[in-house]
Amino acid sequence: MGRSLRVAVKYIQQVKSALPRNGYPSQKAFATEIGLSLSTVKNFLSGKPVDYINFVEISEKLGLEWQEIADKEPEAQENNNHIGQDSPFVTGSPITHPRHFFGRQKELKRLFNLLKRHPLQNAAIIGQRRIGKTSLLHYLKNITATPIEELRPQQKYDWLTNPEIYRWVFVDFQDPRMSSKERFLSHILETLRMNIPEPCDLDNFMDVMSDNLHNPTVILLDEIGVGLQRYPELDDEFWESLRSLATNHTGGNLAFILATHESPIELAHHTRHSSPFFNIFGYTATLRPLKEEEARELIASSPIPFTDDNVEWIIGQSQGIPLLLQILCRECLFHLEDGDTDDWREEGLRQIEPFNHLLLR
Ligand SMILES: Nc1ncnc2c1ncn2[C@@H]1O[C@H](COP(=O)(O)OP(=O)(O)OP(=O)(O)O)[C@@H](O)[C@H]1O
Ligand SMILES: [Mg+2]
């Protein structure tokens, strides 16, 4: 296994801007200063693998935390590269790379509109299980920081005018560490590269955030229902502080976007929380199946084109539910690649059976 590291895609913009910020007029000037070859510096800045020692040295010189900016999934990425062909069909885990994300254009337009004007405004994403809530949160966070060459041809990316000034924090409440107030607060500060106070309690957290938050910042809260239902430490005082942070203490620079399968206000009622925090979610995007043309775009992304007959069959069977589309496309592609003569549709139906409850009947 090579001892090399690469800058994670989402940090590339930030890393590039670190050069002028640290007073280096050019990549060459920086390479000379640090005593490394220009190609190593270029590789580092464009997210290509560089030797571990050089990675740490360059990061330190630019005032960047190497552990934070390093790609945490080098194995997976390398595997992808080795496969040599890029199957767009991701089934099961949320979509993290924008290239694999389809549709939701109307919701994205509304959401980015709330984020591109001052003050930033909060939004809730609601949708049944498996409909694509987590994937949408990842897309929001990653799309504007992904190099264009990694996107599909014609895929929209220019949602924000100054994407590089935005900061994004992703919180997954299914992660049991988020049950602790202190872990939650320090996760936010750490991601925003702010000092973590001692103790990291609500008061100190509020102070650090209100003193240091000068860039537009979006905190994405996935599976907020779990936070409300299962984590007693996250009490009403905690939620109210978050509300007050967004509304009063950060000069309109902070927004929350949460994802849940029921309306946030109802969720607060069910879980016997007082609801002021949940009243700040003025816009709600309800995720439904993909529109037909969006579903067709997903199907058309297959590296081997499907016959019209198969396309219609996939559209009909999946009813535009993204997970079912992905599974059926995966099966159809497998059949084409493998050249096997078995009835792939039968296998496709077997594969989507566990998810049939997602279909509107
Ligand atoms: N916009 C999309 N484009 C393509 N595929 C998608 C999209 N959204 C969701 N999917 C597909 O649906 C699957 C489930 O997506 P995701 O995990 O984001 O849903 P979820 O609503 O967060 O689910 P859960 O309620 O279980 O948390 C993904 O693995 C992927 O196959
Ligand atoms: Mg999810």
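The values are calculated or read from the model by the stated rules, or taken from the named source; none is laboratory data. Treat the numbers as computed from the prediction; the structure is a model and nothing was measured. Using ideal geometry, Cβ is built from the backbone for each residue, glycine included, and neighbour counts are taken over all protein chains shown.
Among residues of the range 164-174 being away from ligand 2 (no atom under 12 Å from the Cβ) and buried (at least 17 other Cβ atoms within 10 Å of the Cβ), the one that is farthest from Asn253 (Cα to Cα) is Val171. Taken over the range 280-304, the criterion of being β-branched (Val, Ile, Thr) and under 24 Å from the mean Cα position of the chain (by Cα) is satisfied by Ile280, Thr284, Thr286, Ile299. In this structure, Asp222 does not qualify as at pLDDT 95 or above and farther than 24 Å from Tyr166 by Cα. Of the strands (runs of 3 or more DSSP E) that lie entirely inside the range 205-302, those containing 3 or more residues that are in contact (Cβ under 8 Å) with a residue 60 or more places away in the chain and over 30 Å from Gly316 (Cβ atoms) span 217-222, 254-260.
Of all the listed residues (Leu120, Leu108, Leu136), the sole one being modelled with pLDDT of 90 or more, more than 11 Å from ligand 1 (Cβ to nearest atom) and not basic (Lys, Arg) is Leu120. When the range 255-287 is filtered for residues that are within 15 Å of ligand 1 (Cβ to nearest atom), within 11 Å of Ile224 (Cβ to Cβ) and aliphatic (A, V, I, L, M), the ones remaining, listed by number, are Ile257, Leu258, Ala259, Leu267. All of (1) under 30 Å from Asp201 (Cα atoms); (2) surrounded by fewer than 19 Cβ atoms within 10 Å (Cβ to Cβ) hold for Lys181 with one exception: (2). Here Glu75 does not qualify as modelled with pLDDT of 85 or more, surrounded by fewer than 20 Cβ atoms within 10 Å (Cβ to Cβ) and of a type in the set (Asp, Glu).
The one condition from (1) assigned by TED's automatic domain parsing to the domain that holds Gly103; (2) modelled with pLDDT of 95 or more; (3) of a type in the set (D, E, K, R) that Arg230 does not meet is (2).
Listed by first and then second residue, the pairs linking a residue in the range 326-345 that is in contact (Cβ under 8 Å) with a residue 40 or more places away in the chain and within 15 Å of ligand 1 (Cβ to nearest atom) to a residue that is in a helix (DSSP H, G or I) and aliphatic (A, V, I, L, M), with Cβ atoms under 9 Å apart and 6 or more places separating them unless they lie on different chains, are Gln326/Leu298; Ile327/Ile352; Cys329/Leu298; Cys329/Ile299; Cys329/Ile314. Of the residues Ile95, Ile125, only one is touching a residue at least 12 places away in the same chain (Cβ under 8 Å) and either of a type in the set (Phe, Trp, Tyr) or within 6 Å of ligand 1 (Cβ to nearest atom) (or both); which? Selected residue: Ile95, the only one of Ile95, Ile125 that is touching a residue at least 12 places away in the same chain (Cβ under 8 Å) and either of a type in the set (Phe, Trp, Tyr) or within 6 Å of ligand 1 (Cβ to nearest atom) (or both). The residues of the range 305-361 that are of a type in the set (Asp, Glu), over 29 Å from the mean Cα position of the chain (by Cα) and part of a helix (DSSP H, G or I), listed by number, are Asp308, Asp309, Glu312, Glu337, Asp338, Glu346, Glu347. Restricting Phe89, Phe102 to residues that are in contact with a helix residue (DSSP H, G or I) (Cβ under 7 Å, 6 or more places away or on another chain), closer than 17 Å to Arg330 by Cβ and at pLDDT 95 or above narrows the list to Phe102.
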